[in-house]
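Heads up, the thing below is written out as structure tokens.
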Amino acid sequence: MHANDSSPLILIVDDDPDGRSLYSYALKAEGFRVEEAADGFEAVDKAYKLRPQVILMDLLMPRLDGWEVVSWLKKNPVTSAIPIVAVTGAEEEIRQKAVEAGCHVVLTKPCSGTRVVDEVRQLLAAR
């Protein structure tokens with residue numbers, strides 16, 4: 001399946017290039033358009049400019065972490081309604097804080113591309 005201009009745009013934010021590549025490949029194979037960001041600053045910039053339909057967010061990154069990015073995006077009216085899927089290797093307590101911070105779904109690393117695609121589809125269907 002190939003993406004076209006009307007396909008939903010998914011922004012993948014992860015400092016690990018292998019993680020970005022895995023999720024990008026899985027989403028593109030299912031017809032989604034994908035943009036990638038390697039850090040929190042790039043994520044905020046791309047989210048404001050591109051307004052993706054869903055953001056896949058690693059919470060633990062250097063410089064500007066996913067927590068700060070989620071906070072910025074949820075406070076800005078341009079990006080506040082974009083669903084965020086947190087992907088983290090963090091403990092259950094941290095996962096609950098991610099939901100409280102504004103993440104719609106929290107997936108635990110390692111997470112399969114199929115699981116990511118399923119969660120993105122569910123979020124898009126709910127909108």
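The values are calculated or read from the model by the stated rules, or taken from the named source; none is laboratory data. Remember, predicted model here, so these are calculated numbers, not experimental data. Cβ: placed from backbone, ideal geometry, glycine included. Neighbour counts: every protein chain shown. Areas reflect the complete protein model, heavy atoms only, side chains present, ligands, DNA and RNA absent. Shrake-Rupley method; radii C 1.70, N 1.55, O 1.52, S 1.80 Å.
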Subset of segment 85-108 that is free of Cβ contacts under 8 Å to residues at least 40 places away in the same chain and in a strand (DSSP E or B) - its residue that is surrounded by the fewest Cβ atoms within 10 Å (Cβ to Cβ): Thr108
Test for Val70: is it closer than 16 Å to Leu123 by Cα and not acidic (Asp, Glu): no
Number of the exception - Cys111 against (1) within 19 Å of Arg121 (Cα to Cα); (2) open to solvent by less than 60 Å² (accessible area, probe 1.4 Å); (3) not in a loop (DSSP other than H, G, I, E, B); (4) not polar (S, T, N, Q): (3)
Residue check, Val70 open to solvent by less than 70 Å² (accessible area, probe 1.4 Å) and either outside any loop (DSSP other than H, G, I, E, B) or in contact with a strand residue (DSSP E or B) (Cβ under 7 Å, 6 or more places away or on another chain) (or both): yes
Single residue of segment 10-38 satisfying the filter (of a type in the set (Gly, Ala, Ser) and not in a helix (DSSP H, G or I)) that is surrounded by the most Cβ atoms within 10 Å (Cβ to Cβ): Ala37
